[in-house]
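The values are calculated or read from the model by the stated rules, or taken from the named source; none is laboratory data. Keep in mind it's a predicted model, so treat the numbers as computed, not measured. Cβ atoms come from the backbone with ideal geometry, glycine included; neighbour counts cover every protein chain shown.
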Amino acid sequence: MDERHPRFFGRTAIVGVGFSDFTRESGNGVLALAVEACRNAIEDAGLSPQQVDGITSFQFQDDSVPTQAVATALGFSKSNYLLDTALGGQAPCYLVMQAAMAVEAGLADHVLVFRALNGRSGNRVGTAKSGGPATGFRYPIGLSAYLQVIALWARRFMVETGATPEDLAAVPLAQRKYAALNERAMVRKALTIDDYMSKPFIAEPFRAADCTTEVDGACAVLVTSLDRARDLQQAPAVIQSARYVAGFGSGLDMADALLWPDGSKNYTHLLRDDLWGAAGIGPAEVDMAQLYDCFSSSVLFALEGLGLADRGGSGAFIRSGETLPGGKLPTNTNGGLLCEGYLHGMNTVAEAVLQLQQRCGVRTIPDTETCVVTSGALQDGSAMILTRDR
Amino acid sequence: MMTTSDGLLGFHLPEVDPDSEYFWDGVQIEELRLMSCRSCGSAAAIPMPACPYCASLDREVVVSSGFGTLYSWVVCHRAMEEMFAEDVPYVIADVMLEEGARIYGRILEGSETELHAGMPLEVTFVTMGRDSYRYWAFRLLNDGHN
């Protein structure tokens, strides 16, 4: 295990959360969506835009706007920290880490982390081609969409762990129950196993309910020091531990997993010991999980990868009700990206913060003290353990 | 409607650059070329400027035997691009070649067979798309081969 203990652990916090409306056709530019979510996060924290001096975001194949544009549109008096990244689902926890490091290093006081895109009316993840240097080895033959790539991982996971189609189905079945309680969720209709199985395969083993829901929208969170957070409007969600990892053979691009030694295990296996070790708790002691779920299988990978469920046991764990209210580990309590909408996991982070602050209305899980959050599904990704201020 | 002999209509031409030219030149003469490392003995299918296992530059091009086993697969039932509409359902495999390198490829008539991990496969070369480009694919061998 990595014995290093970065100084921002336990000394930085997320303290404001903001959203734009979630729609199928925003009728707005991405800049307007980003500004709306960022304004809401700043106001939620009890700050003014002039007090924010850092901002970071990510975009996938030019689907968003530069942070400088957002800082300008929000009238920041100055920015001491700007960071634009070309990343996907691995980014949200990672960028919160970057923001926390900037704060801890004394480079900035209040840093926004946002994700904004017209993901339904603009660049759609369902059909968008996943680009990069190795595309010549997959585009020609019709391996181009993200869900086809994830399906290859899901199949290898099924081969290695014995997971069944019912195990995949367990993920959307459970998450739809939360989505019914979440007014922001794009998909709120109840789902039965018969409904699930009655839909045709899109990229086998995935059917429609295994796939994320594309959305137009934006989400932002505000990161600051724990000391400053204690004087602000909302209870701090303290960053106790955070990790990013890209394992050996991460590939020339996101969809090039040909060197990856074990397609049934993703980055969560690689960062688990360091993540739990630094937080001083183990997987049996965490109250809640918000796990990146571009597709159903990614929840199974993370439950097992982080040691939250036994290898091969994640589907049964979900079916037994352990991820629902009253279970051992309420998971993806906003309905996840599958139901709330695909903001590349920025909203996964936001849900963790709101649950720790006990601000999720009827879906609030009482007495949530600790939450593990992940970002990403493949060769690289990031994760955090957030806690209430103690 | 124009069809090719293999009925594989959808196709994007690959982008060839100086670093990957050896690979694509090989495909056109029906050789699946790998880069084999003289330092550590590893083989890799996707061209890279150094050995991805040991960073050695001491490498040579070898021709794969073409035999491999099925590591993973996806059955594409819906065409995500219009050009593949007539190909669905089609199977994309992640194949572990005998030399230890993995590569993606179509399995010819794969959607008509019950697939399982470890099935033996052999590389074959097909004419893809309306541009009639040679490309590699895999066909299933009877279990028991190798």
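Points to keep in mind about this one:
- Being surrounded by fewer than 17 Cβ atoms within 10 Å (Cβ to Cβ) and among the aliphatic types (A, V, I, L, M) holds for only one residue in A:I150, A:I193, A:I141, A:I202, and it is A:I193.
- For region A:1-29, a residue qualifies if it is among the aliphatic types (A, V, I, L, M) and within 22 Å of the chain's Cα centre (by Cα), and the qualifying residues are A:A13, A:I14, A:V15, A:V17.
- Checked against the criteria, A:G126 counts as within 14 Å of chain B (Cβ to nearest Cβ) and of a type outside the set (S, T, N, Q).
One line per residue, one yes/no per condition, for (1) part of a strand (DSSP E or B); (2) surrounded by 24 or more Cβ atoms within 10 Å (Cβ to Cβ):
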| residue | (1), (2) |
| --- | --- |
| A:E3 | no, no |
| A:G18 | yes, no |
| A:E25 | no, no |
| A:A37 | no, yes |
| A:A41 | no, yes |
| A:D44 | no, no |
| A:S57 | yes, yes |
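- Check on A:L338, under 20 Å from the mean Cα position of the chain (by Cα), crowded, with 24+ Cβ neighbours inside 10 Å and without any contact (Cβ under 8 Å) to a residue 60 or more places away in the chain: no
- Pair list, Cβ < 7 Å and 6+ apart or interchain, from region A:141-167 residues that are within 25 Å of A:H344 (Cα to Cα) and within 8 Å of another protein chain (Cβ to nearest Cβ) to residues that are in a helix (DSSP H, G or I) and aromatic (F, W, Y): A:G142/B:F84
- Scan of region B:111-133 for residues that are farther than 10 Å from B:L70 by Cα and either outside any strand (DSSP E or B) or at pLDDT below 90 (or both), ordered by number: B:S111, B:E112, B:T113, B:E114, B:T127, B:M128, B:G129, B:R130, B:D131, B:S132, B:Y133
- Qualifying residue in region A:312-334 (condition: touching a helix residue (DSSP H, G or I) at 6+ places or on another chain (Cβ under 7 Å), under 26 Å from A:S250 (Cα atoms) and at pLDDT 95 or above): yes
- Residue within region B:83-104 that is surrounded by fewer than 17 Cβ atoms within 10 Å (Cβ to Cβ) and under 14 Å from A:P140 (Cβ atoms) present: yes
- Strands (runs of 3 or more DSSP E) (entirely within region B:1-110) containing at least 3 residues that are within 13 Å of chain A (Cβ to nearest Cβ) and at pLDDT 95 or above: B:33-37, B:67-76, B:90-97, B:102-107
- For the residues A:R176, A:R188, the requirement of being more than 13 Å from A:S297 (Cα to Cα), assigned to a loop (DSSP other than H, G, I, E, B) and within 21 Å of the chain's Cα centre (by Cα) singles out A:R188.
- First in region A:253-264 and facing chain B (nearest Cβ under 7 Å), second anywhere and acidic (D, E) and crowded, with 21+ Cβ neighbours inside 10 Å, Cβ under 9 Å, 6 or more apart: A:L258/B:D94; A:G263/B:D94
Residues checked against (1) at pLDDT below 95; (2) charged (D, E, K, R):
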site	(1), (2)
A:S48	no, no
A:F60	yes, no
A:A69	no, no
A:A116	no, no
A:R138	yes, yes
A:G142	yes, no
A:Q148	no, no
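- With respect to the conditions (1) within 30 Å of A:L147 (Cα to Cα); (2) in contact (Cβ under 8 Å) with a residue 60 or more places away in the chain, A:S57 falls short on a single one, namely (2).
- Flag for A:T224 being part of a strand (DSSP E or B), more than 14 Å from every other protein chain (Cβ to nearest Cβ), among the β-branched types (V, I, T) and within 22 Å of A:A34 (Cα to Cα): yes
- Some residue of region A:269-285 being more than 18 Å from the chain's Cα centre (by Cα), more than 14 Å from chain B (Cβ to nearest Cβ), among the aliphatic types (A, V, I, L, M) and part of a loop (DSSP other than H, G, I, E, B): yes
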